[in-house]
Every structure is written in C-alpha cells, then in structure tokens.
1. On a C-alpha basis, how far is the centre of segment 183-242 from the centre of segment 71-144 in Å? Whole number, if you could?
2. Could you derive backbone 3J(HN,Hα) for segment 206-219 from the dihedral phi with the Karplus parameters 6.51, -1.76 and 1.60 (θ = phi - 60°), listing whole Hz in sequence and x where the residue is Gly or Pro?
3. Only Lys, Arg, Asp and Glu count, each charged at its Cβ (+1, +1, -1, -1), so figure out the dipole size of the chain about its Cα centre, rounded to 20 debye.
4. Given the rule -39500 (n - 2.57) for each run of at least 4 DSSP H residues, summed and divided by the residues of the chain, what is its mean residue ellipticity at 222 nm, to the nearest 500 deg cm²/dmol?
5. So how far apart, in nm, are the two label points at residue 39 and residue 96 if each is 7 Å from Cα heading toward Cβ?
6. Taking 8 Å as the Cα distance limit and 6 or more residues as the minimum spacing, I'd like the relative contact order of the chain as a percentage.
7. Per residue, what accessible area does the chain have, given a 1.4 Å probe and all protein chains present, in Å²?
8. How high is the relative contact order of segment 66-203, in percent, with contacts defined as C-alpha pairs under 8 Å that are six or more residues apart?
Amino acid sequence: MKILVSGKGGCGKSTITAMLGKYLEDKGYRVLIIDADESNPGLYRMLGLPKVKTLAEHLGGRRGAKILMAAEGKGELDEELFNWTLDDIPGEILARKGNLAVLTIGKIEEAEEGCACPYGFLARKLLEGINLDDNEVLIVDTEAGIEHFGRGIDRYVDVIVDVAEPSAESLELSKKIEGLAGSLGLKHVLVLNKALPGIEDKLPVKPDVVIPYDQRFIIESLEGREIRPVSQVEELWMKISG
C-alpha cells in the first residue's frame with residue numbers, strides 16, 4: 001500500500017507520518033517513508049535516524065534531475081530507471097533502523113537555486129515505478145499545501161491521509177484535498193490533529209480520526225527525542241486499511 005500524507009503547513013504531517021511508520025514496523029510490516037518535503041528536515045530526528053544522501057544527490061543533484069526531466073519530455077526516459085523493489089533501492093540513500101527506512105527526495109539548500117520542480121519529478125517517477133509486496137507499506141510525507149496534486153505525485157498512491165488542525169484555514173484546505181483525492185478515485189482519511197476538548201462540536205465536518213493536543217510533543221522535539229506513536233494511530237491504520 002502507498003499512503004500520502006497531506007495538509008496545511010504546521011498541521012503535523014511529519015509527526016503523523018513518523019508515528020504511523022513506527023506503528024506499522026512494530027506490527028511486522030516493512031515500511032519505507034518517502035520524505036518528499038523539500039523544506040522540513042525533521043523526519044530523521046523524529047525517527048532517530050542519521051541523514052544520508054538524497055535521491056537527487058544520488059542521481060547527480062538538481063542538474064541530474066533536470067536532465068531526466070528533459071528526457072521524459074522528449075520521450076527518451078528509461079522507464080525502468082525506478083522500477084525498484086524495496087531491496088533494490090541503493091543503500092546510500094536509505095536511512096534504516098530495523099524494518100523502517102527513510103528515503104529523502106531532495107532539499108532546497110541554497111538561496112536562488114530554483115524551484116522544487118525537479119524534486120517533484122523524482123518523487124512522481126519513484127512512486128510510479130516502485131513495487132511493493134503484501135507486507136510492505138510506503139508512506140509519503142509531502143510539502144505543505146496541495147502542489148503535489150498538480151505535480152501528479154498523488155496519481156501513484158492508494159490513500160490520502162489528510163491532516164488538519166482546528167482552524168478555518170486548515171479545514172478549508174482539507175475540503176479542497178478531499179475533492180482532489182476524489183477526482184483521482186483515491187480513498188480519503190481526515191485526521192484532526194491538535195484537537196482541544198470540545199472542539200469537535202465546532203467543526204463543519206466529522207473527522208475520521210481525532211488526535212488530542214499534547215504539549216509533550218513540543219517538549220520532546222526541543223529535547224531532540226524520537227517520536228512515540230499515540231494510541232489513535234491504531235485507529236488511523238484501521239481507517240486506512242479498512
């Protein structure tokens with residue numbers, strides 16, 4: 001199964017991605033997390049993993065990715081390039097602990113280096129080409145907003161986990177995400193994160209999963225500690241897989 005986590009900036013996408021990945025590994029799955037957010041560096045810390053070379057760096061950096069983009073535009077791209085199983089992925093681009101691994105597409109590192117389009121292209125081709133066995137799950141942590149829909153990344157996943165926080169702006173974006181997921185025929189699971197007591201009564205929609213606000217996430221983040229799954233992650237997985 002391929003799962004994509006989407007939502008407004010700061011809603012907790014990376015946190016929920018990390019918790020879901022840890023939960024599924026504990027349940028016996030082989031899990032690959034794809035870090036497709038070109039900005040946020042937090043996933044490695046959340047999972048207690050070291051930073052490693054990105055997919056873009058492995059392929060020659062931004063220039064290499066742009067060459068591949070141009071080749072696709074001309075119909076000359078080798079479509080077998082990313083026809084990988086989890087065991088085929090080069091070790092230098094995987095940060096691994098047990099049956100949980102993280103692969104980062106690419107990061108914006110310098111001012112004026114250009115848009116993130118080459119990284120979006122790599123994410124799309126990787127998701128299109130990768131092959132999973134029955135006991136394997138891929139989770140994509142995306143950048144804030146809905147640009148990944150425009151890049152065609154979502155076409156190659158099975159489920160959209162839509163993370164919202166209790167604000168009008170976040171819920172408005174979630175409504176847009178639900179519509180875009182529906183247009184692609186994708187299952188949509190709405191997670192309300194950072195929920196305060198009684199807030200559900202104020203919402204214009206009914207979330208599939210509600211995760212209460214918990215200050216310990218802030219404290220543990222500042223202390224550099226790994227993330228720990230909350231009990232609601234089991235409910236989330238049931239909604240995703242059911």
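The values are calculated or read from the model by the stated rules, or taken from the named source; none is laboratory data. What you see is a predicted model, and the numbers here were worked out from it, not measured in a lab. Cβ placement follows ideal geometry from the backbone for every residue including glycine, while neighbour counts extend to all protein chains displayed. Side chains are part of the model used for accessible areas, which takes the heavy atoms of the whole protein and leaves out ligands, DNA and RNA. Shrake-Rupley method; radii C 1.70, N 1.55, O 1.52, S 1.80 Å.
1. The distance from the Cα centre of segment 183-242 to that of segment 71-144 comes to 26 Å.
2. 9, x, 6, 9, 10, 10, x, 5, 9, 5, 5, 5, 5, 5
3. 300
4. On the way: 9 runs with 86 residues, N = 242.
Calculated mean residue ellipticity at 222 nm is -10500 deg cm²/dmol.
5. That separation, rounded to one decimal, is 3.2 nm.
6. Numbers: 420 pairs, mean separation 75.4, N = 242.
It comes to 31 percent, rounded to a whole number.
7. Spelled out: the 1.4 Å probe surface of the chain, per residue, equals 47 Å².
8. Working: 113 pairs, mean separation 26.9, N = 138.
Reported as a whole number, the value is 20 percent.
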